[in-house]
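For reference, the structure discussed in these notes is given below.
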Amino acid sequence: MGTFAAILLTLCVVAIAFAVCFALIKNFSLGVAALRRVCGDEAFAAQVRRLLSGQPAETPAPAPTPTSAPTPASAALRHDALSLLAVLQREARLLDFLKEPIEGYSDAQIGAAVRSVHKDSAAVIERMFGVEPLAAQTEGATMEVPAGYDPARFRLVGNVPAQGPLRGRIAHPGWKATRADVPEWTGRADASSVLAPTEVEF
């Protein structure tokens, strides 16, 4: 055998030996890692026992897919203001009154119509919102506006002094709602803007 052939054979033997050693080291590292997990993970240890006994490993059940809560259809389809207008039309005919041209009617005719609309509209507002005066005092009473007042609760009119104390006369007591009981609308999406249905007589 020539010198070149001997060198080539030696290199092949070294390469094979290196590959075998690498595989052994890799498997040894895998075995150490598996041993550590077996000692601390009972479920993993059970899987290893099944494989060593010739049984197939158990396939873990897929995690349940999270389901989002259904969104109520009517909640996002109609604003409460539209529902309020619909009730005022249904019970007080408010829209009919406001949309009716009144130029050709006498004051007496308008007054008669207003009486009915006023009565029924007031009943709707009271039932839904329980409206009460904001100020405890009546119109004309003297009131001192506190420093740093909330503009939502007080509106100053007339000759307002540049500096306090802010003491004036109540021109309007204001209003506040004690509840908000607007009925929930359960209609279809394509009818969300309907304030009064079309009436067909037979």
So what's the net charge close to Ser106: Lys and Arg +1, Asp and Glu -1, counting the other residues with Cβ under 15 Å from its Cβ?
-2
Hey, can you grab everything whose amide H is under 5 Å from the amide H of Leu166? Only 5+ residues off in sequence or another chain; H modelled, so Pro and N-termini drop out.
Val145
Net charge of neighbours whose Cβ lies under 11 Å from the Cβ of Thr142, counting Lys and Arg as +1 and Asp and Glu as -1
+1
Once both label points are put 7 Å beyond Cα along the C-beta direction, the Ala123-Glu144 separation in nm becomes 4.5
Lys and Arg at +1, Asp and Glu at -1: neighbours of His172 with Cβ under 15 Å from its Cβ sum to +2
When N is the residue count of the stretch 92-202, what does its C-alpha Rg come to as a fraction of 2.2 N^0.38 Å?
1.58
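Read-outs throughout are calculated quantities, based only on the coordinates presented, and are distinct from any laboratory measurement. All of these numbers come straight from a predicted model, not from anything done at the bench. Every residue, glycine as well, gets a Cβ built from its backbone with ideal geometry; the counts of neighbours run over all protein chains shown.
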